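The values are calculated or read from the model by the stated rules, or taken from the named source; none is laboratory data. Note that this is a predicted model, so its numbers are computed, not measured. Every residue, glycine as well, gets a Cβ built from its backbone with ideal geometry; the counts of neighbours run over all protein chains shown.
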Amino acid sequence: MIYRVLADTVLILHALYASVVVFGLIAILIGVWRRWQWVRNFWFRLIHFLMIFVVAVLSLLGWPCPLTDLERSLRDAAGQATYAGAFIEHWVGELLFYDFPTWVFAVTYCLFGLAVLGTLLLAPPRWPWSRSPSR
């Protein structure tokens, strides 16, 4: 029972991680347009970039996501069925009923990472050590 609860917790954390990456970029783009100052917070922007950077690098190296592996191990220990492929691949397949090749996800993660990097260049964050108020 404990392994099942832990696996479900990892699944929720994984979904939250993906949501922060996706909705973080949406919030940044809207925030730049609406001139919301919080979207220029240095730490938020750095963490957001690092989150997608890790995903993109793992996918380029062909390494499985550690959260996916952990969830699978916990589900296996709980005697539950596990899914094949990566977390995003599985759930996109479940939602769209279409199986994309693994390389499509690697390219998507990299393009998303480039979009996040683009926002860092086009709407730079406020540096925490800067004394003057910025934009």
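Listed by first and then second residue, the pairs linking a residue in region 58-85 that is among the hydroxyl-bearing types (Ser, Thr, Tyr) to a residue that is surrounded by 17 or more Cβ atoms within 10 Å (Cβ to Cβ) and assigned to a loop (DSSP other than H, G, I, E, B), with Cβ atoms under 8 Å apart and 6 or more places separating them unless they lie on different chains, are Thr68/Ala86.
If you check Gly113, Gly79, Gly118, Gly24 for being under 25 Å from Ala7 (Cβ atoms), out of contact with any strand residue (DSSP E or B) (no Cβ under 9 Å at 6 or more places or on another chain) and not aromatic (Phe, Trp, Tyr), only one passes: Gly79. Pairing residues of region 1-19 that are touching a residue at least 12 places away in the same chain (Cβ under 8 Å) and within 14 Å of Ala77 (Cα to Cα) with residues that are among the small types (Gly, Ala, Ser) and in a helix (DSSP H, G or I), at Cβ distances under 8 Å and at least 6 apart in sequence or on separate chains, gives Tyr3/Ala77. Against the definition (modelled with pLDDT of 90 or more, on the phi < 0 side of the Ramachandran plot and among the basic types (Lys, Arg)), how does Arg72 come out, yes or no? Answer is no for this residue. Evaluating Ile47 against the criteria (1) of a type in the set (Val, Ile, Thr); (2) out of contact with any helix residue (DSSP H, G or I) (no Cβ under 8 Å at 6 or more places or on another chain); (3) farther than 19 Å from Leu114 by Cα leaves one unmet condition, (3).
Examine region 50-57 for a residue that is touching a Cys at 6+ places or on another chain (Cβ under 6 Å) and at pLDDT 95 or above, and state whether such a residue exists. Yes; the residues of region 50-57 include at least one that is touching a Cys at 6+ places or on another chain (Cβ under 6 Å) and at pLDDT 95 or above.
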